[in-house]
Structure formats: C-alpha cells, structure tokens
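Structure, as structure tokens:
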Amino acid sequence: MSATPSGHSPANVHGPVTSPGALPEDVGSETADHHADGGHGGLGQYLAVFVALCFLTTMSFFTYSPYWPWRDEPQVGWAFMMAVSCTKALLVVLFFMHVLWEANWKYVLTIPAAMMAIFLAIMLIPDIGLRNRMVSQERALHMARGSDLLLLEQAAAAGENADASHETGSHGH
C-alpha cells in the first residue's frame, strides 16, 4: 500500500473522523436524570392531566343536568362544550402525544394550519348565512322555516294536553 501525502494509509483517510468520547453512564447526574424519565413530566404529571380530563368531561355532562344555570340558552351550553372540547384536545396533544417536549418546529406546522382553518371557517360564514337566498322553487317549497318550529311546539303541547285529558277521562269510568 502506498502512503498518502499526510503519511496515513488510504484506509485511514476515508470515512468520518471519530474520537473516543464519554459513554452515557459517564455523563453528569443532571443528564442521567433527564434520560431516566425521557425528559417528560413523569407519572405524576400524566395522572394530573388524566384527572383534569375527567373533570372536564364531567363539566361537559353538567351542561345537560338540571343544575346548569343557562338551561334556556342552548348557545351558551354549545359554546361551553366547544371550549371544554378544545381544552381536552389541547391537553391530549400536548401531554399524551408529547408535543409539549418537541422542538420549536411544531410552531411552523401548527400556526399556519390554525390560521388556514380560521380563514376557511370565516370564508364559509356567507355561504351559511345566505343559503336560503337563491334556491329553486322546489327546494323553497320543502325548506324548513322558523314558523315550522312554532307549529311543532304547538302540536307537541296539544298532544300533551290530549294525553293528559285522555288519562283523566279513563280514570273516571
């Protein structure tokens, strides 16, 4: 074998330059502790998130209980449940999917996607608000209207009154 100008044999010239380093067990205790739990919160933190998820689920069910103060305003319940659902999703993504401990590239992926989702939702508002404006005659004939709800409520009340009078009339004989 011929020597290179630096005096090394050709086999030693190619490939990465490596040098012996410290093994993971030789590194300080701070890094060893970091590797012991994987750099994440540990069991206590996971249990705390689980308890928070259980509490938030209970709060969602609370909206359908008789103790819910905004029982006559369903929009408040819907908004509350959406907020609870988004909070639960955020907890799951951050802790159980380990996104909290990811590098900063997570912002590069999530912020544009969130902006696009908001933009698309805003762009659909006119379609939803104006959906009854230009329709065919046949569709307009079968389309639901606000007055239909009033008629359904009156029919349900009349049905309840008829049932109540029928029950009292049958007991009298």
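Bear in mind that the values in this text are calculations on the coordinates, not laboratory data. Every value quoted in this text rests on a predicted model; they were computed, and no experiment measured them. Backbone-built Cβ (ideal geometry, glycine too); neighbour counts: all protein chains shown.
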*Just for region 39-87: of the residues that are surrounded by 13 or more Cβ atoms within 10 Å (Cβ to Cβ) and among the β-branched types (Val, Ile, Thr), which one is nearest to the chain's Cα centre (by Cα)?*
Thr87
*Please specify each residue of region 122-134 satisfying the condition of being of a type in the set (Gly, Ala, Ser) and either at positive phi or surrounded by 10 or more Cβ atoms within 10 Å (Cβ to Cβ) (or both).*
none
